[in-house]
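Worksheet for the structure shown next.
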Amino acid sequence: MTTTPAHIEYVTRLGDNALILGQRMSEWCGHAPVLEEDMALANMSLDLIGQARMLLTHAGKLEGKGRDEDQLAFLRTEMHYRNLTLCELPNVDFGRTMVRNFLFASLQVLLWERLLASSDTELAAIAAKSLKEARYHAQHAGDWVVRLGDGTAESHERAQAALDYLWPYTAEFFAANPTDEAIAAAGIGPAWSELEAAWEAVVVPVLNEATLTVPARTPFKSYGKFGRHSEHLGHLLSEMQYLQRTYPGAQW
Amino acid sequence: MYTQALDIPQQNAEKAPRAVENPAYQAEFDAKIDAGGYIEAKDWMPEAYRKTLVRQISQHAHSEIVGMLPEGNWITRAPTLKRKAILLAKVQDEGGHGLYLYAAAETLGVSRDELLDALHTGKAKYSSIFNYPTLTWADIGVIGWLVDGAAIMNQIPLCKCSYGPYARAMVRICKEESFHQRQGYDLLLTMMKGTQEQREMVQDAVNRWWWPSIMMFGPHDKDSVHSGQSARWGIKRISNDDLRQKFVDATVKQAEVLGVTMPDPELKWNEERGHYDFGAIDWDEFWNVVNGHGQGNVDRLAARVKAWEDGAWVREAALEHERKRAAREHQAA
């Protein structure tokens, strides 16, 4: 199949989602509420970094300019990153971290299931590995959303606040531009509109079980996957990219 | 790792061994130890033996989780995705070591919460090596090479220690630590093949970590207060000075291959002894760090306490949810 700019863009988006959320989750290491969660968060971060490596390597090959996973991860600036805005938002507390993981991993499960049949066979192979991980992440975070939502008054309030804050960013999951239309037409990935109802059908019952109120949709729109980010991404990148930027060309 | 403080005099150190509590049980216990057998959780054991193990195992567990902090300091800044993945996996392993060790300590009748409380209130110690800061990426390699290397030397004898649950935990821990050491060394080899700036970073890290690493073996045998009793109980099999010498001998050769020098002008091969001689250890520095007279100690403990306090609402929520769920099940039944 001939490589199109939309194809490169699409795979880059998937890689950036995994990398940026993996980076955020790694900030928890050593600071979680219980030792088991230190390990779970490190483990899930590791899964996402692993996915990012495969996806960015694949994107680099599709691009054909000799850029490897590290050049893509460490030498691009904000406007060239294509992750969902939700992934770059600060952790804030364990509640927001778990609600975010739940919303995102639930999307990933549906997406990877569809990508098993992608016309891009490399992407289909990555999907097969990533699907198992995403299922675990969704289960882990979903369990916590229920515990926190239906726990103490304080945990309920924090979980609801997290959901209220994050929910508007989920509209971006299903937003489409000509890239997405080209991807669907080429059989590389599903149209986002096809996933929206399925995602809500998975997410809403868990939020109900957690006794949380699903917020109404608002006119707010975020555009991270189209390259326009929040203020938070620049800080995340300046920390993540520090060594590669300070010592250009060094091998590590 | 991280058993150095076992040998440190404590103000309230119990006078081991205690009076024989039950002569028949004591005889059976002694016979098992003498035959090189394992004591299991359900077996009778002298109270002083139990207390020594609780102190040593919990100290070791605390060291693993405090040890996540200096290395965690570089996870978000790792220079490549591969190195980030390796470091994350390593720090995750350390959390796992903490878990098995707390579980081993729990077989002796203490709870993890009690042990953590002792850490957070400063009553329990952890290995002072983790009070040193990680200043550059090379520190991550040097910790793997020297600190984990010293830890392995200390820990391999513990795989045969007389308390079964501890010995079995150590077998698994030692395997993972050896892997960490090789990864640390590989990181340094790559940096040494790199630019002048990278080589300087490695040498600077070696200069800062060498002496603290050899202090990890604890005081000289003649000054070690707990060693005699621990040796009789089969908890400690090889002396501090013997382990330290073994570490120095192995490490100097690795430093030559790497192309770094140790910050010790007196370090040289002694043909007669068949070992490397090394300079005098600055014990004032050692005791200062061990006794927590340092801001590193303040910062590490504060980070642990903050994580614990910030997470209180999460732990309470999990318990409350479980109570609600059980009550609903009860009502439905």
request  = For segment B:29-105 and segment B:297-333, compute the distance between their C-alpha centroids and round to whole Å.
outcome  = 23 Å
remark   = Cα extents of chain A along the principal axes, largest first, in whole Å, come to 54, 42, 33
note = For residue B:193, the aspartates and glutamates lying under 20 Å Cα to Cα, once residues fewer than eight places off in the same chain are dropped, come out as A:70, B:139, B:204, B:256
ask   = Principal axis lengths of segment B:227-314 from Cα atoms, whole Å, largest first?
value = 62, 40, 27
note = With chain B reduced to its Cα atoms and the Debye formula applied, log10 I(q)/I(0) at q = 0.11, 0.15 1/Å amounts to -0.76, -1.29
inquiry  = Filter A:61/A:221; A:129/B:324; B:222/B:268 down to the pairs with a C-alpha to C-alpha distance above 26 Å, please.
reply    = A:61/A:221; A:129/B:324
query = Chain pair A, B: how much accessible area is buried, both chains summed, with a 1.4 Å probe, in Å² to 100?
reply = 4000 Å²
message = Could you work out the pair-distance distribution P(r) of segment B:24-87 from its alpha-carbon pairs, with 10 angstrom bin width and percents rounded to whole numbers?
response = 17, 29, 18, 16, 16, 5, 0
message = Please report the net charge: other residues with Cβ closer than 13 Å to the Cβ of residue B:211, K and R +1, D and E -1.
response = -3
key: For residue B:111, solvent-accessible area (1.4 Å; no DNA, RNA or ligand), Å²   = 40 Å²
ask   = To two decimal places, what compactness ratio does the protein assembly as shown give when its Cα radius of gyration is scaled by 2.2 N^0.38 Å?
value = 1.08
A:54, B:192, B:216, reordered so the largest accessible area comes first (probe 1.4 Å) = A:54, B:192, B:216
message = Over the protein assembly as shown, with the other protein chains present, what is the accessible area per residue in square angstrom, probe 1.4 angstrom?
response = 41 Å²
ask   = When the C-alpha atoms of segment A:1-109 are aligned to their principal axes, what extent does each axis show, in angstrom, from largest down?
value = 48, 24, 22
message = Let me see the P(r) profile for segment B:176-272: every Cα-Cα distance counted, bins of 5 Å, each bin given as a percent of all pairs.
response = 2, 11, 17, 21, 17, 13, 10, 5, 3, 1, 0
request  = With all protein chains present, calculate the accessible area of residue B:60 using a 1.4 Å probe and round the result to the nearest 10 Å².
outcome  = 0 Å²
ask   = How would you order B:51-59, A:8-16 from highest to lowest mean count of nearby Cβ atoms within 10 Å?
value = A:8-16, B:51-59
Peptide B:193-201 - average C-beta neighbours from other chains (10 Å radius) = 2
Dipole magnitude (debye, nearest 20) for segment B:123-183, charges at Cβ of Lys, Arg, Asp, Glu = 320 debye
remark   = Mean per-residue count of partner chain Cβ within 10 Å for A:202-208 equals 0
task = In debye, nearest 20, what is the charge dipole magnitude of chain A about its Cα centre with +1 on Lys and Arg Cβ and -1 on Asp and Glu Cβ, if you could check?
result = 560 debye
ask   = Taking the highest mean first, how do the peptides B:326-332, A:128-134 order by number of other beta carbon atoms within 10 angstrom per residue?
value = A:128-134, B:326-332
Leading residue at positive end of dipole, segment A:5-246 (Cβ point charges), from A:139, A:60, A:39 = A:60
message = Given 20 °C and 1.002 mPa s, compute D for segment B:70-142 with the Stokes-Einstein relation, Rh being the Kirkwood radius over Cα pairs; round to the nearest whole µm²/s.
response = 151 µm²/s
query = Hey, what did segment A:5-246 get for relative contact order, percent, Cα under 8 Å, at least 6 apart?
reply = 26 percent
ask   = In whole percent, how big is the carbon plus sulfur part of the accessible area of the protein assembly as shown, probe 1.4 Å, protein atoms only?
value = 54 percent
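The values are calculated or read from the model by the stated rules, or taken from the named source; none is laboratory data. Here the structure is a predicted model, which means the values were calculated and not measured. Because the Cβ atoms are built from the backbone with ideal geometry, glycine has one as well, and the counts that use them run over all protein chains shown. Note: areas computed on protein heavy atoms with side chains; ligands, DNA, RNA excluded. Shrake-Rupley method; radii C 1.70, N 1.55, O 1.52, S 1.80 Å.
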